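One structure is given here, and the rest of the page talks about it.
The values are calculated or read from the model by the stated rules, or taken from the named source; none is laboratory data. Since the structure is predicted, the reported quantities are computational estimates derived from the model, not experimental observations. Here the Cβ positions follow ideal geometry from the backbone for every residue, glycine too, while neighbour counts run over all protein chains shown. Heads up: the accessible areas ignore ligands, DNA and RNA and are worked out on the full protein's heavy atoms, side chains in. Shrake-Rupley method; radii C 1.70, N 1.55, O 1.52, S 1.80 Å.
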Amino acid sequence: MNPKRIGFLGFEGVAASELTRAADVLATATLDGGYGNRISCYQVCTIGFTSECFRAESGIAFRPDRTLETVSKLDTLVIPGGDGLRQSSISERIADWILARASETRRVAVIGGGIYGVAPTGLLDGREVTTHWRYANDVARCFPNLRVDSRRHLVKDGAFYTSSGASAAIDLSLAMIEQDYGRHVASVVAHEFVSAPMNGNGQHKLPNPLVFDSQPADRFAELIHWMMRNLHEDLSVNTLARRACMSQSHFNRAFKSVFGSPPAEFVENLRINEAKRRLAIPKRTLEIIAASVGFSDAQTFRRAFERRLGAKPRSYLKNFNPRSMAASANGEAPLPRIGRASGIPEAVAVPTQG
């Protein structure tokens, strides 16, 4: 699985909280890769006008990962707000750049006053949008073709997502995670960031997930966990498609669009990673391990293991200290991510410089 690339646009006078809140939520989203590993759902990067640091309204400095000219193709572009966008030199340059990238970007997300960078493109004309209540009247006056409703927390209209400000940045990210990877993944992330209200018994309860539209990812929310519990079973495309209540062709396309790889390849990765964990258990033969994770025989397992990891199972095991292997099996010291074996890059944190 390849993580989806999310670009956060930075500029002089950006609202730091709108950038960092949303980025932190997206960077936290992971999938269980087996053997204690976590697969990052997103690769987050900051984009600056230049490679030099830019300063937020609060004075916090950010060093961008890429510039407007050097950033590669993105899945999602996020435009936070900030006083800097009230300067025409900044908002116009952002609008021109967004127009040039719009056709190759799956979605554009706007936080609060970030709408001043997107509205001039004309891409929001005729669409429903929201923004911070403080800017609502001015946005409606400056861009009369927008259908502004500042009473709404989040709005999705086509490929464009708008939110009311920093307070909505977390909810915006959770909603995108739910669309991309399903309700279960979004709920796990929400536990980290959402302050749960108390019920009548004094117990915490998690707010209901935010849903824009029903997506295929919703059907995959529990599928991956079922697969992890049933690696020894038949996990053919036909079986998985039936479980997701989809046709095989639709399932193949939807699965690849969400996880970045075909179902068969994804299943093999899950099986190989679980096999790595079971290799550390004493007195387990390759035949037993192969059967326990769903391979037809030991030879098929050996070939798949070597193809994925570049080493035979027992040779691979010798490269790790037994104590480290045991700790990893207990979730204390995970071995390298799946991404190390399959070329998946690590998630990139938003760097800061004081």
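Being of a type in the set (Phe, Trp, Tyr), in contact with a strand residue (DSSP E or B) (Cβ under 7 Å, 6 or more places away or on another chain) and open to solvent by less than 60 Å² (accessible area, probe 1.4 Å) is true for just one of Tyr161, Tyr116. Which residue is that?
Result: Tyr161 is the single residue among Tyr161, Tyr116 that is of a type in the set (Phe, Trp, Tyr), in contact with a strand residue (DSSP E or B) (Cβ under 7 Å, 6 or more places away or on another chain) and open to solvent by less than 60 Å² (accessible area, probe 1.4 Å).
Restricting the search to the stretch 16-39, which residues are modelled with pLDDT of 90 or more and open to solvent by less than 10 Å² (accessible area, probe 1.4 Å)?
Within the stretch 16-39, Leu19, Ala22, Ala23, Val25, Leu26, Ala29 meet the criteria.
Suppose we filter the stretch 104-134 for residues that are touching a residue at least 40 places away in the same chain (Cβ under 8 Å) and in a helix (DSSP H, G or I); how many remain?
The number of residues fulfilling the criteria is 6.
Just to check your reading of the model, which residue among Ser150, Ser89, Ser72 is open to solvent by 40 Å² or more (accessible area, probe 1.4 Å) and part of a helix (DSSP H, G or I)?
Answer to the selection: Ser89.
For Arg55, work out the one condition from (1) buried (at least 19 other Cβ atoms within 10 Å of the Cβ); (2) modelled with pLDDT of 95 or more it doesn't fulfil.
(1) is the only condition that Arg55 fails.
Go through (1) over 25 Å from Arg302 (Cα atoms); (2) of a type in the set (Gly, Ala, Ser); (3) loosely packed, with under 14 Cβ neighbours inside 10 Å for Ser236 and report which single condition fails.
(1)
Which is buried (at least 16 other Cβ atoms within 10 Å of the Cβ) and over 28 Å from the mean Cα position of the chain (by Cα), of Ala136, Ala109?
Ala136
Name the residue that is nearest to the chain's Cα centre (by Cα), counting only residues in the stretch 292-306 that are within 17 Å of Met228 (Cβ to Cβ) and open to solvent by 10 Å² or more (accessible area, probe 1.4 Å).
Gly294
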